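Read the structure below first, then the notes.
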Amino acid sequence: MLKLVPDHWKIILRQNFTQWKKLADFLELDPSIQQEIFKRPSFPLNLPKRLAEKIKKNTLDDPILKQFLPTLAEQKQLTGFTLDPVGDTQFTKAPKLLHKYNGRALIVCTSACVMNCRFCFRQNFDYEVQEKGFQKELEIIAADETLQEIILSGGDPLSLSDTVLVHLLDALSHIKHVKRVRFHTRFPIGIPERIDDAFLNLFENRPFITWFVLHTNHPNELDDHIFHHLHLLQRKGVILLTQSVLLKGVNDCPKVLCELFNQLVNRGIIPYYLHQLDRVQGGAHFEVSEERGKELIQEIAKSLPGYAVPKYVREIAGEPNKTPLF
Ligand SMILES: *Cc1c(COP(=O)(O)O)cnc(C)c1O
Ligand code: SF4
């Protein structure tokens, strides 16, 4: 089918901030504050407009801005902080298939994200050189009956066009042993309009159950408009979970975490994982100690129902699952 008008969300995407100067002007940052900005990072600035609109003016001390603005702190090289902190490159079974854990494999669908998080452990991966399509990956999945679940990750799978997603989900629908498909995404936090009618139709009459794991780190990222679009997914029978990364100066505070998790469970969305930061080069200034992380979990558990307290985990290369820290 020929589409003459681009999808609405693609038009919104063009409003993303990708030039530091434009963002600095929009946020009315004083010249003294602008000096802190890392002007030419290899992992570029990429911030959706609606997130920028939630940021306080003329300060770097904002939980959303801290996650997205490249600053000079990234240039600090620290031992232990590496380019591939979770050792993903050694588990690659096909160009875009990671089979690390029993029963489930992850397709690295795309390198594209709707936003670039400064602490992202995949920020140094270069997927773009790889060939298009998922033929090889699908063949391996079809041949391995132990794979009950396929995780679509990236990058962000919602960066793919609906056409590519239909193709992928149709192919997975034809593999009998695939009972669950899971999306790992942060896209709705930046552009909730991505979840439009065409996208929702992807989940009609599938032989598998669909899970979404939404990446969100701070209550300021959320609002009614986002929850509205997430609710449309829930009405399609999609089960929503979240994952968060524990980040210094962003969410390393019981009050912030409680507010985040309360907001989510109030909408029927279950906090699944709280991740200890992966030690990626350039991300050291975000690290919270595991000791502090455990204290935080103990603290929030006093105020939240059990199902609202996520599992606090870290990823250790070579382990058969994510390692619980608490
Ligand atoms: C985190 C991860 C998964 C999913 O792990 P769950 O514990 O099932 O959430 C699967 N594959 C890879 C490569 C991962 O990094
Ligand atoms: S949305 Fe996820 S994959 Fe994309 S930059 Fe952020 S953390 Fe990395």
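Could you tell me how many of the residues in region 46-75 are assigned to a helix (DSSP H, G or I) and surrounded by 15 or more Cβ atoms within 10 Å (Cβ to Cβ)?
First, the residues of region 46-75 that are assigned to a helix (DSSP H, G or I): 49-52, 65-68, 72-75.
Now narrow it down to the ones that are surrounded by 15 or more Cβ atoms within 10 Å (Cβ to Cβ): 49-52, 65-68, 73-74.
Here the count works out to 10.
With the structure loaded, tell me whether Asn321 is outside any strand (DSSP E or B), under 30 Å from Leu83 (Cβ atoms) and under 21 Å from the mean Cα position of the chain (by Cα) or whether it fails that test. Let's see the steps before the verdict.
Details: outside any strand (DSSP E or B): yes; under 30 Å from Leu83 (Cβ atoms): yes; under 21 Å from the mean Cα position of the chain (by Cα): yes.
It is true that Asn321 is outside any strand (DSSP E or B), under 30 Å from Leu83 (Cβ atoms) and under 21 Å from the mean Cα position of the chain (by Cα).
Just the residues that are open to solvent by less than 60 Å² (accessible area, probe 1.4 Å) and part of a loop (DSSP other than H, G, I, E, B), please, taken from region 259-280.
Listed by number, the residues that qualify are Gly268, Ile269, Gln276, Leu277, Asp278.
Can you tell which of His231, His177 is over 30 Å from Leu60 (Cα atoms) and either in the same structural domain as Asp61 (by the TED database) or open to solvent by 40 Å² or more (accessible area, probe 1.4 Å) (or both)? Step through it out loud before you land on a result.
Working: His177 fails: either in the same structural domain as Asp61 (by the TED database) or open to solvent by 40 Å² or more (accessible area, probe 1.4 Å) (or both).
Result: His231 is the single residue among His231, His177 that is over 30 Å from Leu60 (Cα atoms) and either in the same structural domain as Asp61 (by the TED database) or open to solvent by 40 Å² or more (accessible area, probe 1.4 Å) (or both).
Could you pull out the residue among Phe91, Phe119, Phe81 that is surrounded by fewer than 20 Cβ atoms within 10 Å (Cβ to Cβ) and either in contact (Cβ under 8 Å) with a residue 40 or more places away in the chain or of a type in the set (D, E, K, R) (or both)? Step through it out loud before you land on a result.
On the way: Phe91 fails: either in contact (Cβ under 8 Å) with a residue 40 or more places away in the chain or of a type in the set (D, E, K, R) (or both); Phe119 fails: surrounded by fewer than 20 Cβ atoms within 10 Å (Cβ to Cβ).
Unique residue meeting the criteria: Phe81.
Considering region 292-314 alone, what residues qualify as being touching a strand residue (DSSP E or B) at 6+ places or on another chain (Cβ under 8 Å) and surrounded by fewer than 12 Cβ atoms within 10 Å (Cβ to Cβ)?
Tyr307
Which condition number does Val108 fail, the rest of (1) within 11 Å of ligand 1 (Cβ to nearest atom); (2) under 18 Å from the mean Cα position of the chain (by Cα); (3) open to solvent by 30 Å² or more (accessible area, probe 1.4 Å) being met?
(3)
So Gln243 ticks every box in (1) in a strand (DSSP E or B); (2) within 16 Å of ligand 2 (Cβ to nearest atom); (3) within 27 Å of Glu145 (Cα to Cα) but one. Which box is left unticked?
The number of the failed condition is (3).
Quick one: would you say Phe68 is closer than 24 Å to Asn16 by Cα and within 13 Å of ligand 1 (Cβ to nearest atom)? I'd like the intermediate steps shown before the answer.
Numbers: closer than 24 Å to Asn16 by Cα: yes; within 13 Å of ligand 1 (Cβ to nearest atom): no.
So Phe68 does not fit the description; no.
Considering only region 180-192, how many residues are more than 16 Å from ligand 2 (Cβ to nearest atom) and open to solvent by less than 20 Å² (accessible area, probe 1.4 Å)? Explain how you work it out, then say what you get.
Filtering region 180-192 for residues more than 16 Å from ligand 2 (Cβ to nearest atom) gives 180-181.
Now narrow it down to the ones that are open to solvent by less than 20 Å² (accessible area, probe 1.4 Å): 181.
So the count comes out to 1.
Taking into account only those residues within region 198-226 that are over 28 Å from Asn102 (Cα atoms) and open to solvent by less than 10 Å² (accessible area, probe 1.4 Å), which is farthest from the chain's Cα centre (by Cα)?
Here the residue is Phe199.
Would you point out which residue out of Ile195, Ile140, Ile150 is open to solvent by less than 30 Å² (accessible area, probe 1.4 Å), touching a residue at least 40 places away in the same chain (Cβ under 8 Å) and of a type in the set (A, V, I, L, M)?
Details: Ile195 fails: touching a residue at least 40 places away in the same chain (Cβ under 8 Å); Ile140 fails: open to solvent by less than 30 Å² (accessible area, probe 1.4 Å).
Result: Ile150 is the single residue among Ile195, Ile140, Ile150 that is open to solvent by less than 30 Å² (accessible area, probe 1.4 Å), touching a residue at least 40 places away in the same chain (Cβ under 8 Å) and of a type in the set (A, V, I, L, M).
Just to verify a result, which residue in region 81-131, among those that are modelled with pLDDT under 85 and outside any loop (DSSP other than H, G, I, E, B), is nearest to ligand 2 (Cβ to nearest atom)?
The residue in question is Asp88.
The values are calculated or read from the model by the stated rules, or taken from the named source; none is laboratory data. Small disclaimer: the values here were computed from a predicted structure and weren't measured. Glycine gets a Cβ as well: all are built from the backbone with ideal geometry, and neighbour counts include every protein chain shown. Only protein heavy atoms, including side chains, enter the accessible area calculation; ligands, DNA and RNA are left aside. Shrake-Rupley method; radii C 1.70, N 1.55, O 1.52, S 1.80 Å.
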